[in-house]
1. Being closer than 16 Å to ALA75 by Cβ, of a type in the set (A, V, I, L, M) and assigned to a strand (DSSP E or B) is the filter here; which residues of segment 23-47 pass it?
2. Among all residue pairs at least 6 apart or on different chains, which show Cβ distances below 7 Å where the first residue, located in segment 1-21, is touching a residue at least 24 places away in the same chain (Cβ under 8 Å) and the second is of a type outside the set (A, V, I, L, M, F, W, C)?
3. Quick test for you: out of SER20, SER50, pick the one residue that is part of a loop (DSSP other than H, G, I, E, B) and exposed (fewer than 10 other Cβ atoms within 10 Å of the Cβ).
Amino acid sequence: MAEPSAPRPPDLVDRDFTASRPDQLWVADMTYVRTWSGWAYVALVLDVYSRMIVGWQIANHMRTELPLNALYSSASLCSVRFDRA
């Protein structure tokens, strides 16, 4: 749970979750599921236009690399580069 007094991240889409073409806007979310052996944490990346899951990762932790790996897996499928090249 977020600290109520913590600064909020910028709203880069201005609460407009519409897209007119694929790969224009992706959103991400994380959740957790109880399993027989403990908790499983899932990070998903969703293409807003197609409503398709374009990337996901599952792990036994909720560290920063979990959503990043979901993003990297989706980016590799869509040929997105993160090095500004």
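Any read-out appearing in this document is the output of simple, stated calculations on the displayed coordinates, not a laboratory observation. Everything quoted here is computed from the prediction, not taken from an experiment. Counting neighbours? That spans all protein chains shown, and the Cβs are built from the backbone with ideal geometry, glycine included.
1. Step one: list which residues in segment 23-47 are closer than 16 Å to ALA75 by Cβ, which gives 23-28, 43-47.
Those left that are additionally of a type in the set (A, V, I, L, M): 25, 27-28, 43-46.
Result: VAL27, ALA28, ALA43, LEU44, VAL45, LEU46.
2. ALA19/TYR49; ARG21/TYR49
3. One residue alone meets the criteria, SER20.
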